[in-house]
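A.B. asks: Here you go, one structure.
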């Protein structure tokens, strides 16, 4: 990280030149052979570059700035035969393409194979909208290709082909998404910048970057994952970006209904119902989603309501307005964490009956998209959040402690009020005979959050009112506000040095102002429990900082099927107000804790071999300075001490391969699908420097050395299926690398997470407008856990789900 005080100026200088080589355009119109009408929304695929252009309402498309040569294009439109054409380009070309309508209804296998022939599991293009992805490690999950438990948001299956992810399984039917990777804490996906349709959805991007809200996968078209290099465009974080892209309104119907009703183990019931359509210039997509169940442990019921509305208005061919609103409200009972001894005796055990968790989320967004010309695009996104998170229950340093119903419960109430605006301008220009791309943008973000901690009532119901008058001497009381402000400027530029090589440098200039204002109670009691001191102490902090992050990426196209990429980007993570102020009986926070900084680097290769093999191979490295972590300390009692533990380096190899057995052995059978995949990551880590005892040379937390997901996808006609095995080797949960003690009957918050493996099986069958999905997760019924919680929903071991089933009926009208 480079701080502003080290700079006298920052200059961006671009040398524009006259074209050294002639360039041409390819324009076309796509029509129906039967009706003669133009076909809108047909996808025209440039095989060499991977670029896709969609036809407009008149069936027209265009590719500009093409050099002389031979090109292959593939045209795909629903209900039409795939059309492939080859052009020898030595001048501007304009052609009409006539597509033949299909004479028979295609099976699900054939439809899937037609699209996969063109798109496969796609990576993000170098430029999409007003964003640059050239030189970055990008992965895209296409939800219509996932055969898995969407009803319970099973992350193992949904993200099965994204390399290196570490996933928490809370057994809550996917109410929250908990994923990390490369040594990043998976808890509520807090080390990624999480967005939907391009705008932030977490509680507070800087002060509390946890995502209590996760969109239902049934509503999504795709999930975009960009690793640490996304820090330049989307924030400073080490993890990168996760962007949930919703399905788009149906352009050909005024009303389209999709209804999905699901049942599952432990009284799971989910209902997803969406309406979509287009009327003139107005388009809409909206849904309501309900999820309820009792969980597999006692005291683990949940009830969730979620709604979403998208309205789009096409002002002109160049200008579009979009408005979105998201609502979430859920209440969950939390069975608490357990000790190691309790887990190995009975992983379904619960010793907490009075713990509850409630979330209310309201997201707003307004977006303007405008095309100044075919070379220049602009977007302005305004977004806001009004939300709350309330946690109520009995917490104690000794996980095995009996919850006395006469004692008060602890209550934490957070309110999040924030808004932001992000503007982007992207333009294409000619440099040294090649088309280069320049992006400049700015983001302003302002948050005003509050947090109260104190005594809840002594009952067992979900009562989220403070009981301070009844329990004035409750030992953990605090009342704080956290005003945060952030202003950022960012820019990137794709320099295409020739037709195969491009280099993409970029920068992000950040100003962050983080404040903490409030007070907490200092309560001292004697051994008999008599209160000696009960005083209010002020604790006000203000931390301003400004800095520049730099990065550079490169792409080299070895051939139309093979691409090399490399990237380096600086990263930064500010301390959260959870790091600063929350009082927890299980861990203690260093009052001098400060921000993390470092870098992320990737180098890799990805490509395809004929239509049989798709692969990706990469090497990565992460350097942390002042990494925030936890160690075990004896402070009269054993606590987890949270501080800047030291400097750490993480590196590894990430691989993915999918082999199409059908095309290898049964190529003539068009109704068959059969492929196998292997997603494997090998990771090493070390604390290279630390002032703490027994840390230097240790492994970094949350890093399994081996992370494997492997399986197969298969299908015949309208029947599709998947079988997947996931394995993670052991991982540590604190920087002292404390080993697991299976006989620990008191705590459960320290120790390693043992290796575990899970087998998942899913099927899907389509008949006309109906789709039936079913499956079994954790088919081998293994007992395992993925986390040791120090706060809610623990503290202690949080057991993962045993064998469970689901079935879903979908109708589309």
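A.B. asks: What's the exposure ranking of 683, 31, going from fewest to most Cβ atoms within 10 Å?
C.D. replies: Ordered by Cβ neighbours within 10 Å, fewest first: 31, 683.
A.B. asks: Then there's this: Under the definition of Cα pairs under 8 Å and six or more residues apart, what whole-number percent is the relative contact order of region 127-243?
C.D. replies: Across region 127-243, relative contact order equals 27 percent.
A.B. asks: How many angstrom lie between the C-alpha centres of region 554-618 and region 269-329?
C.D. replies: 30 Å
A.B. asks: If you average the alpha carbon positions of region 625-700 and of region 448-491, how far apart do those two centres end up, in angstrom?
C.D. replies: 34 Å
A.B. asks: Okay, moving on. Per q in 0.11, 0.14, 0.17, 0.22 Å⁻¹, report the Debye log10 I(q)/I(0) for region 180-309, using one uniform scatterer on each alpha carbon and no solvent.
C.D. replies: After summing over all Cα pairs, the log10 values are -0.51, -0.79, -1.01, -1.19.
A.B. asks: Further question on the same structure: What ranking do 756, 624, 725 get, fewest neighbouring Cβ atoms within 10 angstrom at the top?
C.D. replies: Exposure proxy ranking, most exposed first: 725, 756, 624.
A.B. asks: How tilted is helix 108-118 with respect to the longest principal axis of the chain? Cα atoms for both, answer in degrees (0 to 90, nearest 10).
C.D. replies: 80 degrees
A.B. asks: Region 23-102: D in µm²/s via Stokes-Einstein (Kirkwood Rh, Cα pairs, 25 °C, 0.890 mPa s)?
C.D. replies: 194 µm²/s
A.B. asks: Can you give the extra length, in nm with one decimal, that the chain gains between residue 611 and residue 730 once fully stretched, where that is 0.36 nm per residue apart less the Cα-Cα distance?
C.D. replies: 39.2 nm
A.B. asks: Between region 713-773 and region 66-107, what is the separation of their alpha carbon centroids in Å?
C.D. replies: 42 Å
A.B. asks: Calculate, for residue 498 and residue 85, the FRET efficiency according to 1/(1 + (r/R0)^6) with r their C-beta to C-beta distance and R0 22 Å; round to the nearest 0.05.
C.D. replies: It comes to 0.30.
A.B. asks: Under 13 Å from the 7 Å Cα→Cβ point of residue 309, by amide nitrogen: which residues of region 364-403?
C.D. replies: Correct set: 364-365.
A.B. asks: Can you give the Kirkwood hydrodynamic radius for region 127-243, in Å, rounded to one decimal and based on Cα pairs?
C.D. replies: About 14.4 Å for region 127-243.
A.B. asks: Another question about this same structure. Using a 7 Å offset from the Cα along the Cα-to-Cβ direction at both residue 380 and residue 546, what is the distance between the two label points in nm, to one decimal?
C.D. replies: So the two model labels end up 2.5 nm from each other.
A.B. asks: Return the FRET efficiency for the residue pair residue 37, residue 538: r is the Cβ-Cβ distance, R0 is 60 Å, and the value is rounded to the nearest 0.05.
C.D. replies: 0.25
A.B. asks: Separate question: Let me see the P(r) profile for region 590-716: every Cα-Cα distance counted, bins of 5 Å, each bin given as a percent of all pairs.
C.D. replies: 2, 9, 15, 14, 12, 10, 9, 7, 7, 6, 5, 3, 1, 0, 0
A.B. asks: Here is a further query. Determine the gain in length on full extension of the stretch residue 590-residue 253; use 0.36 nm per residue of separation and subtract their C-alpha separation, reporting nm with one decimal.
C.D. replies: Contour length minus Cα-Cα distance gives 115.5 nm.
A.B. asks: What's the FRET efficiency of residue 809 with residue 421 using the Cβ-Cβ distance as r and R₀ = 30 Å, to the nearest 0.05?
C.D. replies: Here the calculated transfer efficiency is 0.10.
A.B. asks: Using packing as a proxy for protection, rank 263-272, 236-245, 216-225, 88-97 so that the peptide with the highest average count of other Cβ atoms within 10 Å comes first.
C.D. replies: 236-245, 216-225, 263-272, 88-97
A.B. asks: Which whole-number percentage describes the relative contact order of the chain, with Cα contacts under 8 Å and a sequence gap of 6 or more?
C.D. replies: Once divided by the residue count of the chain, the mean separation gives 12 percent.
A.B. asks: Here is a follow-up. Rounded if a/c is under 1.5, else prolate if a/b beats b/c, else oblate: with a ≥ b ≥ c from the C-alpha gyration tensor eigenvalues square-rooted, which is region 714-813?
C.D. replies: prolate
A.B. asks: Hey, what did region 52-166 get for relative contact order, percent, Cα under 8 Å, at least 6 apart?
C.D. replies: The value is 13 percent.
A.B. asks: Given labels modelled 7 Å from the Cα in the Cβ direction, how far is it in nm from residue 463 to residue 101?
C.D. replies: 6.7 nm
A.B. asks: Another question about this same structure. At 222 nm, what helix-only mean residue ellipticity would the chain give, in deg cm²/dmol to the nearest 500, using -39500 (n - 2.57) for each DSSP H run of four or more?
C.D. replies: -1000 deg cm²/dmol
A.B. asks: May I pose another question? At 4 °C and 1.567 mPa s, what whole-number value in µm²/s does Stokes-Einstein give for the translational diffusion of region 244-812, with Rh from the Kirkwood sum over Cα pairs?
C.D. replies: 47 µm²/s
A.B. asks: Where does each of 516, 502 land when they are ranked from fewest to most other beta-carbon atoms within 10 angstrom?
C.D. replies: Fewest to most other Cβ atoms nearby, the residues stand as 516, 502.
Here, each number is a calculation from the coordinates, and none is a lab measurement. From a predicted model like this one, the values you see are computed outputs, not experimental measurements. Note that each Cβ is placed from the backbone with ideal geometry, even for glycine, and that neighbours are counted across all protein chains shown.
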